[in-house]
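Below is one structure, written out as C-alpha cells; comments come after it.
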Amino acid sequence: MRNLEKNYDPKQIEDRIYRQWSEQGCFHARINPEKKPYTIVIPPPNITGQLHMGHALDETLQDILIRYKRMCGYEALWLPGTDHASIATEAKIVEAMRKEGLTKEDVGRESFLERAWAWKKQYGGRIIEQLKKLGSSCDWERERFTMDEGCSEAVQTVFLQLYEKGYIYRGERIINWCPHCKTSISDVEVEYEEQNGHFWHLRYPFEDGSGYLELATTRPETLLGDTAVAVHPDDARYASAIGKMLILPLVGRRIPVVADTYVDKEFGTGVVKITPAHDPNDFEVGQRHNLPVINVLTDDAKIVSEYPAYAGMDRYEARKAIVFDLEAQGYLVRVEEHAHNVGTCQRCGITVEPRVSLQWFVRMEALAKPAIDAVREHRIRFVPERFEKNYFHWMENIRDWCISRQLWWGHRIPAWYCEDCGEMIVSAQAPEFCSGCGSSSFQQDPDTLDTWFSSALWPFSTLGWPKQTEDLAYFYPTSTLVTGYDIITFWVSRMIFSALEYTGKIPFETVLIHGLVRDSQGRKMSKSLGNGIDPLELIDQYGADALRFTLVSGNSPGNDMRFYIKEVESSRNFANKLWNAVRFALTYLTIDTVTLPAEMQLEDRWILHKCNRLVRDVRENLNKFELGIALQKLYDFLWDDLCDWYIELIKPRLFETNTDQMTRISAQQVLSYVLVQTLSLLHPFMPFITEELYQSLPHFPGCGNLLMVEPYPEYTETLEFCSAAEEMGCIIELIRQIRQLRNQMNVPYSKKTRLYLETKHISTYRDGIECIKRLASAEALLFEKVPDGLNVTSVVTSDVKAFIPLGELVDLEKEKNRLLTEKKKLENEIARLNTKLSNPGFIAKAPEKVVLEERVRLEGYQKQIENTLEVLAKLS
RNA sequence: GGAGGCAUAGCUCAGCUGGGAGAGCGCUUGCCUUACAAGCAAGAUGUCAUAGGUUCAAGUCCUAUUGUCUCCACCA
C-alpha cells in the first residue's frame, strides 16, 4: 500500500503511467479470432501541425471509445498516423526558404523534396508526442503516414484503376486557381467572404453603329477576354440584338450577342458580358455557344503580353487602368457600390482566380451514388443524424473533383508523356517504349495529387490495402470515425465513396461528429486572432485528465463548445476529490481482496444499488455515444453519493473506535468494491488518475492487471436493492431537513443536539439511526410515540416526526415561520396533484405507472402536512 | 438564394424515446467536522425566446415569428 500525497499532482504520474501501458504492450492490437474487433483510424493530423484544442477534443473522444471497447473485451485497434498535407506543408517550406532568399525554382524539385522529407522527419514526430501527452492509447506499432510506401502504393493503385475505368480524365476546364500558391485548388478549398466592391456599368457599341448595349460588371479587367455578350432568349428588349455583332471597347474585337437562359432578365440591365476564360458560368455559356476562350491572366494573375497597354500589370492595377481608359473613351456609364462574395484560398487567403487550364479530374456521378445509398440505408450512421442532410446535399449536387495540384510535395501523378510524339501513358512506372512512336524518352506529369486523394483511402490503405493483409481482413471495415462537422465534405464523403469503390465495403459503421472548440467569447480559435489556448500548457498545469474531463463534460455531439480555463480548474478539483477519496480509503483498508460481505448495512445496499445502476447507465450512454451524459453521471455519483454520503456514513464503522470487526470489515469490502467499479467506469475518461489509484489499492499486487486492460464493470441483477434505496432516501431526506434546521438556527456543527424520532417504521430508522446520528450531528432516540411533555421543536418528513428539545435551539418564532413556509409549499404541491389526479383524462389515458407515482407522491405530501400541522399545534 | 443548428439560473451549457426544471462557475450564510479549504453544510435566482397547435400531460412533438450562428450555392 502506498501513501498518497495530499493533493493530486498529475506531473508525478502521467508520464510514468503512460510508459507502463506502453511497456506492457497495452496499446498493441493483435488479431484474435476469439474476439470481436473494434477499430478507429485517427483523422491524421498534418505534419505541419501542433496539437490544438480541436485535436484534443477529437483525440479524447476517440480514446474514450477505444478504451471503453477494449475493456469491454473487444480487440480494440486505434490506428494512428499523420498526413503530408501537400499544400499546407509546401507553403510552410516555401516560406522557410523565402527567409533564406530562395525559391522553389532556385533549389529544384529534387532538393525541394529533400527539404520536405527533412521537415516531415523533424515535425511529423512532434504531434505524435503531443498525442501521447493526452493519454491516447494508439497502437504506435501501426503508425502510418499518407506518403509512406504502403499508402503511396494504394494511391497509385487507385489512380490506375480509376483511370482504366474511365473515372479519371484529363481536360481543359475552368478551375479555381490560387495566384499566390500557383496551383489549382478544389471547390471545397475555396472560402467565400463578402467584400465591398463596385459595379461598373459599361456600354458596348454595335458594329453597325446602331447604338450600344449597356451591361454591368464587377470585374472590368476581364473585359480583355470577352468573347460575347449574352441576353435572355425571351427578353423582348433585346430580341432584335441577338446575333448582331458588337465591338469590344479598348480591344476592338468583334463579339456576338448570344441568347442564353443563364441570364437573369431582372438583374441589372439583363445583359451580361461573357468571359469564358475567367468565370465558371461564362465558361459554360461559352461551351454552349462555341465561343473562343481567351486567357488574359498569367499564373500569378498579371495581364498577359498580348495586351501591351496592360501587360504585366497585376489584376487590380489593370482594373484601375482599364476603368480609367473606359471612362476616357466614353464607355463607362456609371459606377455603383456593390457588395459581393469573393472566393479566397483556404490556405493563403488570396482571392482565387477562375482559370481555364489542363487538369486531372475524377468523374463523380457514378461514384457518388453507392455512397449516397450506404448512408440512406443506414449502413453508415451519422451521430447526430442531422449531419446526413449535409452529406446528402453535397453528394447529390456533386461536381467532378479536380485532383491535380501544381505542387511538388505529394503523390506525383503516374502519367507519362512521350517527348517525341506527346503520347500520354498512365502507368505506375515509366514506360519503356512509347506505344505511339516507339520512343523511349518520357517526361512524368509534373503535378501531384490533391492531399485529400490519399486521405480518402486512409481507413483501408493504413490496414494494408491493396494487399489483402490479415489486418485488413480482421479490422476492416472500421467501427467508428470521429471527426468535426467541418470536414464532412472534404474527407468523410470521399472516404465513403472511395471505400465502396475500391474495397466494396463501407469504411466505417458510425461517424461521430463533434463541433468546434471556441474561445470564451464564442470565436473560432485561430492563430491570427491569437486566441488559441494551448492544450499542452493546460496539461502541464492541470493534468491531461482534467483537460479531457473539461472537453467531454457538458459537450453533446455536433455542438460547438466554449472553452473556459475556469472549467479546467474545476475538472482538476474533481480529480483531486477522487484522489482524496482513495487516499482516505487506503488509510483504513486492511483487506487485500475485493469481495462483497455476506452481511450488509442499509447504507451498503444503498450504495451498491446506486453503483450498479450507474454501471448500467454509463454503458448505455456510451453505447449511444452520449459521452457527456455518462461522464456527468459518474461525476454526480462519485462526488455526491460516494464521497458526501457513503464515505461519511461509514466513517464510524471504519475508525478504530469501532470494535465490531464484522461491520468494520464489511464497510471496507463495500468501499473497495465500489472504488474498483467506479475507477473502472471512469477509466476511459480519465485514464491516468484512475490507473494510478487502481494500482495503489491493496488488492492490486494480487491481481496484477493494469486497469487499462481490466474488464469494464457489468450490471448485476443481484445488486438491485430497491427497498434499501428507498429507505435510505427517506433517511437522507430527514438528515437534510435536520441540517437545514440547524443551519437556520445557527447551531454550529460541533454542537450536538438531542433528537427524538417518532415513526411507525421503527425498523427502517433503527437501521439508519447511526447515519442520522453522524450526519445530522445529533443524539438520536427512536420512539413509536414520543413521550408527552417534551417542550420541543421539530423536523418533519412524510414518515417521521423529529423533535429537538427547545432549549437547544434558539428561536421559537423562527421555527414557527419555517414550518409555516413548509406548510404553504406542501399545500401548493397537494393542490397541484389533486387537480392532476381528479382529471378524468389523466386517470384514463396516462400509463398506470405514472398515475401510481403521482398517487404515492400525493400521499407522502398529505402525511407530511399532517405531521407539520400537529407539530405547529404543539409549538403554539 | 437553399439547408441546418441554437435560444433553459448572473455566465457557460446538460436535459436521451413527452410525466414533479438540472450541473459547473459565480453569489449569500455558516463551518479548518481525524480524505480533500482544489473542502463541508445550508441558501437565493428560471413566464425553459414569442404566438399558435397536437396531447390527459409540452423545456421536450408540429407550425409560424423574432434573434443568432453555421454550412452549401454563388447572379454578372
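The values are calculated or read from the model by the stated rules, or taken from the named source; none is laboratory data. Predicted, not measured: the structure shown is a model, and the values here were computed from it. Ideal geometry is used to build each Cβ from the backbone, glycine not excepted, and the neighbour counts take in all protein chains shown. Note: areas computed on protein heavy atoms with side chains; ligands, DNA, RNA excluded. Shrake-Rupley method; radii C 1.70, N 1.55, O 1.52, S 1.80 Å.
In table form, for the structure just shown:
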{"quantity": "Any strands (runs of 3 or more DSSP E) falling wholly within region A:430-545 and containing at least 2 residues that are among the hydrophobic types (A, V, I, L, M, F, W, C) and open to solvent by less than 20 Å² (accessible area, probe 1.4 Å)", "calculated": "A:478-484, A:508-514"}
{"quantity": "Counted residues, region A:711-731 - those being closer than 17 Å to A:Leu614 by Cβ and either aromatic (Phe, Trp, Tyr) or in contact (Cβ under 8 Å) with a residue 40 or more places away in the chain (or both)", "calculated": "13"}
{"quantity": "Residues located in region A:341-371, provided they are open to solvent by 20 Å² or more (accessible area, probe 1.4 Å) and more than 15 Å from RNA strand B (Cβ to nearest atom)", "calculated": "A:Cys348, A:Ile350, A:Leu358, A:Arg363, A:Glu365, A:Ala366, A:Lys369, A:Pro370"}
{"quantity": "Selection within region A:302-334 - in contact (Cβ under 8 Å) with a residue 24 or more places away in the chain, over 12 Å from A:Arg219 (Cα atoms) and within 47 Å of the chain's Cα centre (by Cα)", "calculated": "A:Ile303"}
{"quantity": "Subset of region A:231-262 (residues that are surrounded by 19 or more Cβ atoms within 10 Å (Cβ to Cβ), closer than 19 Å to A:His289 by Cβ and touching a Phe, Trp or Tyr at 6+ places or on another chain (Cβ under 7 Å))", "calculated": "A:Val231, A:Leu246, A:Leu248"}
{"quantity": "Among (1) within 23 Å of A:Glu266 (Cβ to Cβ); (2) open to solvent by less than 20 Å² (accessible area, probe 1.4 Å); (3) assigned to a strand (DSSP E or B), the one test that A:Arg203 misses", "calculated": "(2)"}
{"quantity": "Those strands (runs of 3 or more DSSP E) lying entirely in region A:243-361 with at least 1 residues among the hydroxyl-bearing types (Ser, Thr, Tyr)", "calculated": "A:332-345"}
{"quantity": "Meets criteria (under 30 Å from A:Asn623 (Cβ atoms) and open to solvent by 30 Å² or more (accessible area, probe 1.4 Å)) for A:Glu110", "calculated": "no"}
{"quantity": "Among the residues listed as A:Trp639, A:Trp606, the single one being surrounded by fewer than 20 Cβ atoms within 10 Å (Cβ to Cβ) and in a helix (DSSP H, G or I)", "calculated": "A:Trp639"}
{"quantity": "Tally of residues being within 13 Å of RNA strand B (Cβ to nearest atom) and assigned to a helix (DSSP H, G or I) across region A:546-565", "calculated": "6"}
{"quantity": "For A:Pro280: the one exception among (1) without any contact (Cβ under 8 Å) to a residue 60 or more places away in the chain; (2) farther than 21 Å from A:Glu214 by Cβ; (3) open to solvent by 40 Å² or more (accessible area, probe 1.4 Å); (4) out of contact with any helix residue (DSSP H, G or I) (no Cβ under 9 Å at 6 or more places or on another chain)", "calculated": "(1)"}
{"quantity": "Condition broken by A:Gly211, with the remaining ones in (1) in contact (Cβ under 8 Å) with a residue 24 or more places away in the chain; (2) at positive phi; (3) of a type outside the set (S, T, N, Q) satisfied", "calculated": "(1)"}
{"quantity": "Residue among A:Glu710, A:Glu691, A:Glu727, A:Glu714 that alone is more than 30 Å from A:Glu23 (Cβ to Cβ) and away from RNA strand B (no atom under 15 Å from the Cβ)", "calculated": "A:Glu727"}
{"quantity": "Some residue of region A:46-59 being charged (D, E, K, R), surrounded by fewer than 24 Cβ atoms within 10 Å (Cβ to Cβ), more than 16 Å from RNA strand B (Cβ to nearest atom) and under 18 Å from the mean Cα position of the chain (by Cα)", "calculated": "yes"}
{"quantity": "Test result for A:Arg523, under 18 Å from the mean Cα position of the chain (by Cα), charged (D, E, K, R) and either under 30 Å from A:Glu14 (Cβ atoms) or away from RNA strand B (no atom under 13 Å from the Cβ) (or both)", "calculated": "no"}
{"quantity": "Tally of residues being assigned to a loop (DSSP other than H, G, I, E, B) and either in contact (Cβ under 8 Å) with a residue 24 or more places away in the chain or β-branched (Val, Ile, Thr) (or both) across region A:687-709", "calculated": "4"}
{"quantity": "Residue that is within 8 Å of RNA strand B (Cβ to nearest atom) and over 29 Å from A:Thr510 (Cβ atoms), where the choices are A:Ala598, A:Ala575", "calculated": "A:Ala575"}
{"quantity": "Selection count, region A:169-192, where residues are within 16 Å of RNA strand B (Cβ to nearest atom) and not in a strand (DSSP E or B)", "calculated": "4"}
{"quantity": "Hey, A:Lys92 closer than 22 Å to A:Gln346 by Cβ and not acidic (Asp, Glu) or not", "calculated": "yes"}
{"quantity": "When residues of region A:1-20 are limited to those that are over 15 Å from A:Asp545 (Cβ atoms) and open to solvent by 80 Å² or more (accessible area, probe 1.4 Å), the one farthest from RNA strand B (Cβ to nearest atom)", "calculated": "A:Arg19"}
{"quantity": "Counted residues, region A:249-291 - those being within 13 Å of A:Pro233 (Cα to Cα) and among the hydroxyl-bearing types (Ser, Thr, Tyr)", "calculated": "2"}
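The rows are residues; the columns are (1) in contact with a strand residue (DSSP E or B) (Cβ under 7 Å, 6 or more places away or on another chain); (2) near RNA strand B (Cβ under 10 Å from one of its atoms).
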residue	(1), (2)
A:Phe625	yes, no
A:Ile629	no, yes
A:Lys651	no, yes
A:Asp660	no, no
A:Thr663	no, no
